Amino acid sequence: MRVLVIGGGISGLTAAIEASEAGCEVVLVERNPYLGGRVAQMHQYFPKLCPPACGLEINLRRIRSSTRIECLTLAELVEITGEAGHYHATIQQAPRFVTERCTACGECVAACPVARPDAFNLGMGSTRAVYLPFPLAWPARYAIDPSVCEGAACARCVDACPYGAIDLAMPPRSIEMDVGAVIWATGWDPFDASDLEGLGFGTCKNVISNLMMERLASSDGPTQGRIQRPSDGKGIESIAFVQCAGSRDENHLEHCSGVCCMASLKQARYVRAQYPDAHIHVFYIDIRAPGRQELFFAETRKDERFHLIKGKVAKVTEDPASGDLVVETEDVLGEGRIAQKVSMVVLATGMVPVRGREQVPGGLARDRHGFLQSPQPRAGLFAAGCARRPVDVASSVRDATSAALKALQSCVAAKHG
């Protein structure tokens, strides 16, 4: 039996590992040049505030040591036909332009003259056209961005590589295979905060998204872990977290992503660890801290410089001279209209499914928010993790394990049906 898993984030890795260790052959398809998905971009998990690199490395080690898992990076499923137990998949794999001879020595980077925005760090900084996405990336091999690389007209990286690992003529591949079941673990994207009129994202330099905050706090991020204002590199005297930025809003995202409150509470801890005297303001509609997360919330509230303001933010404006920001809202529990001055604003944007309005190969059904429905109308096709609904990492792992079990059951049923 062979199972196809689409997406190499935490859900896809879990589904692939669980299916393989149950005896299935697995093909794992990931559109990025690395595995790990959004988890790889996180600084810490809540509530334990431990680094995701530990658990991610354990999963990657299980992937690397498995003889039943084939990983295809820079690849996408383009067509799926057939029925449960007898699906035929067509996968398109883009060239990496760097072969397995690569040792990640970095000589190619030193020689490359072309810069590009650093996608892994959400445009906060740049890389060369030949790049390693992040220090712990797997495969531990460089990739070349063909949208900016000058190719054979430059070829300095080819001359610089001491291992002959760069092939600028590497062609794309079309791969066809038969599989018994398919698991979609395509994950999530952050809602585009530039669509939020009045909140300053894209117009005020010191307004960032919650995912950008994770990268600022990360030791392998654009500032080596120092949380600072993008406009001038200054430290934080006060900061505002704007909850439900675009979420629970019929004009943008009607759904609640469920994890944004806890993510902001976690990021408030990041700030406090670096700035003991900074004032932290959280503007919220409702705080959602289910189950044991309530203890994390209660502990965070003990901070005397941590301020909760119940009210939906109406506007964020910038003082062009200082770069400071003014957050305007209605404090529904106390002071009426307020205008809070802060050094930086973090917008807690929600999760949207990757390519949530596009047709999925195989004709998978989506709900009204763009997430893949479960169960699907066609047997043998499954969704897992944030492809199915907004969930945290622990829930994604459980959901992916369930999807792997269902895929195995579907394959067995088709075989003996």
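Checked across segment 194-201, the condition of being hydrophobic (A, V, I, L, M, F, W, C), farther than 25 Å from C50 by Cα, within 20 Å of the chain's Cα centre (by Cα) and at pLDDT 95 or above holds for at least one residue. Scanning segment 115-134 for residues that are buried (at least 16 other Cβ atoms within 10 Å of the Cβ) and part of a loop (DSSP other than H, G, I, E, B) gives D118, F120, N121, L122, M124, A129, L132, P133, F134. G164 meets all of the listed conditions (1) within 27 Å of M42 (Cα to Cα); (2) surrounded by fewer than 17 Cβ atoms within 10 Å (Cβ to Cβ); (3) in contact with a helix residue (DSSP H, G or I) (Cβ under 9 Å, 6 or more places away or on another chain) but one, namely (1). Annotation note: Cβ proximity below 6 Å between a residue of segment 105-125 that is touching a residue at least 60 places away in the same chain (Cβ under 8 Å) and a residue that is among the β-branched types (V, I, T) (sequence gap 6+ or interchain) occurs for D118/T127. With the structure loaded, tell me whether V342 is crowded, with 19+ Cβ neighbours inside 10 Å and assigned by TED's automatic domain parsing to the domain that holds C260 or whether it fails that test. Spelling it out, V342 is indeed crowded, with 19+ Cβ neighbours inside 10 Å and assigned by TED's automatic domain parsing to the domain that holds C260. In segment 393-416, the condition of being in contact (Cβ under 8 Å) with a residue 24 or more places away in the chain and closer than 30 Å to Y275 by Cα is met by at least one residue.
The values are calculated or read from the model by the stated rules, or taken from the named source; none is laboratory data. Fair warning: this is a prediction, and the values are worked out from it, not measured in the lab. Reconstructed Cβ throughout: ideal geometry from the backbone, glycine too, with neighbour counts over all protein chains shown.
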